[in-house]
Ligand SMILES: Nc1ncnc2c1ncn2[C@@H]1O[C@H](COP(=O)(O)OP(=O)(O)O)[C@@H](O)[C@H]1O
Ligand SMILES: [Mg+2]
């Protein structure tokens, strides 16, 4: 069945707009043991009302990219290059988030007001010593002109919207009095109460059991439609991407190695790393004791610099003398809106490939 035509029009329109344009972002950690290049010059365009999935194994730089966007990097981490241009709400010039002071008033307005983040562990954003209601109303009072009773009403309304039963009562609860699933819903309520234009969801369901996981993912999808926001869905799980995302960026060692609309990526994965990640997903119809392949080796330690393509030491298709030399840029166009950083798709094919 085809998508209703108005959906298609919205998708096409929003595809042309940009909410946040990340250009050549680089984040480094200066540690006693050396410099870690956690994010290595990534480009990512986030469009209004769409979900972009960012996927990759642990340690690939997904969370650090998100934290850089909100200027909440760990103390030794610094943005060392690039721009993150946030479109203004109405007219005016874009704001470069990379240039804002982490403790300054501009980024504080943007956090929660324009861009919110939810985490795997709700207790990262929820305080154990304040009631749910106090925490949500505080966020309202910080960003919107509202009286305390108005802010409390908004908090209750938001708790209802995220499916917390008896919100008038729950608003007085402390986080430890709630189940993991409810805490996750409260964190989402707090993140969305000021109607941000972008929600960054960093592994929001990784710690939850499967049933609750799918409830939370469909909640995020529903809220995205109802509130009209963009979502950046960060996960190591391609199953979560399939369930939620319109577009996907695959990250490996601080770089984006493949980017495509979600259906295209699943149908036609090009990068050997993406193919490896897909081979790791259990599929229907294969039986319980199916053999899952896994990508050989592991993400190397962050202090080693791999010469050439970052993935080549683990890649079954590597070409000696080619893949260990230059880093392939994310340029090879292998389909409409489908790009891959791999010499296998460069034309002409290197002779050594045959
Ligand atoms: N607090 C930190 N101190 C030093 N290095 C860090 C810190 N946090 C992250 N890094 C480095 O950045 C890399 C990317 O981390 P992260 O973005 O958290 O990965 P993930 O893709 O699992 O979210 C890590 O492999 C690590 O080398
Ligand atoms: Mg992470």
Exercise. Would you check which residues across the range 226-262 are away from ligand 1 (no atom under 15 Å from the Cβ) and part of a strand (DSSP E or B) and list them?
Key: 230, 231, 247, 258, 259, 260, 261
Quiz item: Out of the range 92-107, which residues are in contact with a helix residue (DSSP H, G or I) (Cβ under 8 Å, 6 or more places away or on another chain) and either within 18 Å of residue 26 (Cβ to Cβ) or surrounded by 14 or more Cβ atoms within 10 Å (Cβ to Cβ) (or both)?
Solution: 95, 97, 98, 100, 107
Quiz item: Scanning for something touching a strand residue (DSSP E or B) at 6+ places or on another chain (Cβ under 8 Å), over 11 Å from residue 190 (Cβ atoms) and part of a helix (DSSP H, G or I), does the range 120-127 turn up at least one residue?
Solution: no
Quiz item: Within the range 193-206, is even one residue at negative phi and in a helix (DSSP H, G or I)?
Solution: no
Quiz prompt | Test: residue in the range 184-192 that is in a helix (DSSP H, G or I), surrounded by fewer than 20 Cβ atoms within 10 Å (Cβ to Cβ), touching a helix residue (DSSP H, G or I) at 6+ places or on another chain (Cβ under 9 Å) and at negative phi | solution = no
Practice problem: For the range 79-119, enumerate the residues that are over 22 Å from residue 188 (Cβ atoms), touching a residue at least 24 places away in the same chain (Cβ under 8 Å) and part of a helix (DSSP H, G or I). | Solution: 97, 98
Practice problem: Filter the range 318-340 for residues that are modelled with pLDDT of 90 or more and in a strand (DSSP E or B) and give the result. | Solution: 338, 339, 340
Quiz item: Residues in the range 56-63: is at least one away from ligand 1 (no atom under 12 Å from the Cβ) and within 22 Å of residue 237 (Cα to Cα)?
Solution: no
Quiz item: Which members of the range 47-73 meet the condition of being away from ligand 2 (no atom under 12 Å from the Cβ), in contact with a helix residue (DSSP H, G or I) (Cβ under 9 Å, 6 or more places away or on another chain) and either without any contact (Cβ under 8 Å) to a residue 60 or more places away in the chain or under 25 Å from residue 338 (Cα atoms) (or both)?
Solution: 47, 48, 49, 50, 51, 53, 68, 69, 71, 72, 73
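For the range 161-174, which positions are buried (at least 20 other Cβ atoms within 10 Å of the Cβ) and assigned to a helix (DSSP H, G or I)?
167, 170
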Quiz prompt | Which listed residue, of 292, 265, 277, is at pLDDT below 95 and not in a loop (DSSP other than H, G, I, E, B) | solution = 277
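The values are calculated or read from the model by the stated rules, or taken from the named source; none is laboratory data. It should be emphasised that the depicted structure is a prediction, and the values quoted were computed from it without experimental measurement. Cβ coordinates were reconstructed from backbone atoms using ideal geometry, including for glycine residues, and neighbour counts include every protein chain displayed.
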